[in-house]
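Values in this text are rule-based calculations from the coordinates and carry no lab data. Quick caveat, the model's predicted, so the values are computed rather than measured. Reconstructed Cβ throughout: ideal geometry from the backbone, glycine too, with neighbour counts over all protein chains shown.
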Amino acid sequence: MQTVLLNDFKRQWSEIGEEVRHAVEAVGASGWYVLGAQVAGFEQDLAQFWGLANAVGVGSGLDALEIGLRALGLRCGDRVLTTPLSAFATTMAIVRLGGVPVFCDTDAKGLLDLEQAEAVLAADPGIRFLLPVHLFGQSLDLDRLAALRDRCGVAIVEDCAQSIGGAWSGRPTGSVGRLAATSFYPTKNLGALGEGGAVLTGDAELAARVRRLRDYGQSAKYRHDEIGWNSRLDELQAAILRGAMLPRLREWTRRRQQVAAAYSAGMRHAGVRLLRPTDGEASCEHLFPVTVAPERREQFEAHLKSRGIATGRHYPILIPDQQALAGVRVERHGELAVARRLAASEVSLPIHPQLTGEEVERVIAAVNEWPAEGPTED
């Protein structure tokens, strides 16, 4: 029995292989391998797709967050309000700049609780930065985020690594903050064949600073205005993203949404809660998260594995509990109880554009067949 995978890169290659080979040939024949025409063209295409004026390609999603925060003026000792439930890179970007992560709880779907966030910011005006995450492909309430921004006066970098193509009431994620950061890690909806990332913004001056920072802080050849990074999206990845991936992204997103709709309609297990978007959201369905009773999570995963269904956990350890932050200055508001429950109970089911209809039905059937209580028969 062939396993239903969380991502199927071999099937993806069967779709994109020809375009990738053309992209590699074009870059090789050009004789220009770093910050050339392919990067410039991809940045223009990505900005147009996203609906923001400027996109700047960088080396990774982590670099996009870090450079974005630096471009907004984050310095050592500055405090940044953020989520405890995300990939570790969200907080690592803050810590690597010498900033202080300030954690508040999530809502029931795993996104930053904006009501709590606004209360924290109102009570502590010394927090000047906010780094929210559009988790699982779902969008925060952008109207509320914009109102929070205006009332509290914080500089926002939106982590959109999982939300390209996601929107709130027709407004794309990444359009409220002064900057947005995204990742092209292969598992992302718009993934490269390696590492990559981008910073997006409607502010031309900020975009110019990001371009300097990604390239050693240079404003011109050998003119270094500030300490920067070596974080340049390379020509090969840009050409692959531009020629093979981005032209398929809308189609691939529609397929993800079709799979998610089928799951939502077909899964009827009382012990499995689907973390679905609310009214106003258009999820790009990067992940399909569900929750089960924490004490039964391993049983649920074993049950699905026995039926050839791969699963994941996003994310089993809260960021402030990670060993890497031992001895690092962090702040927590409250017990982070909602995020802790999600970390203990979340399971991600397969969702990607190459899933077949038969595989979708297999996943639905496997979920619905899970014994309601007690140990599984496996």
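Couple of notes before you dig in:
- Counting only aspartates and glutamates at least 8 places from K188 when in the same chain, those with an alpha carbon closer than 17 Å to its own are D8, E15, D63, E158, D159, E251, E285.
- Cβ-placed point charges (K, R +1; D, E -1), dipole of segment 9-247 about Cα centre in debye, nearest 20: 400 debye
- FRET efficiency, R332 to R171 (Cβ-Cβ, R0 35 Å, nearest 0.05): 0.70
- In the chain, the DSSP-assigned H stretches of four residues or longer account for a calculated mean residue ellipticity at 222 nm of -11500 deg cm²/dmol, using -39500 (n - 2.57) per stretch and the full residue count as denominator.
- Subtracting the Cα-Cα distance of R96 and E25 from their residue separation scaled by 0.36 nm leaves 21.8 nm.
- Taking segment 9-247 and dividing mean pair separation by its residue count, relative contact order in percent (alpha carbons under 8 Å, at least six apart): 27 percent
- Gain on full stretching of the segment that runs from E358 to I317 - 0.36 nm per residue minus C-alpha separation: 11.4 nm
- Centroid-to-centroid separation of segment 179-209 and segment 4-37 [C-alpha atoms, Å]: 18 Å
- Each residue, A122 and N368, gets one label point 7 Å from its Cα in the Cβ direction; the gap between the two is 4.6 nm.
- Approximate spin-label separation A262-R341, in nm, with each point projected 7 Å along Cα-to-Cβ: 3.2 nm
- Taking a sphere under 14 Å around the Cβ of P294 and counting the other residues whose Cβ falls inside, with K and R at +1 and D and E at -1, yields a net charge of +2.
- Positive minus negative residues near S30 (Lys, Arg vs Asp, Glu; Cβ under 14 Å): -2
- Total formal charge among the other residues, if their Cβ is under 14 angstrom from that of Q218, Lys/Arg +1 and Asp/Glu -1: +4
- Extension gain for D150 to E115 (0.36 nm times residue separation, less C-alpha to C-alpha distance): 11.2 nm.
- The spacing between segment 229-279 and segment 153-171, judged by their C-alpha centroids, is 15 Å.
- Cβ-to-Cβ counts within 10 Å put E281, E361 in ascending order as E361, E281, the fewest first.
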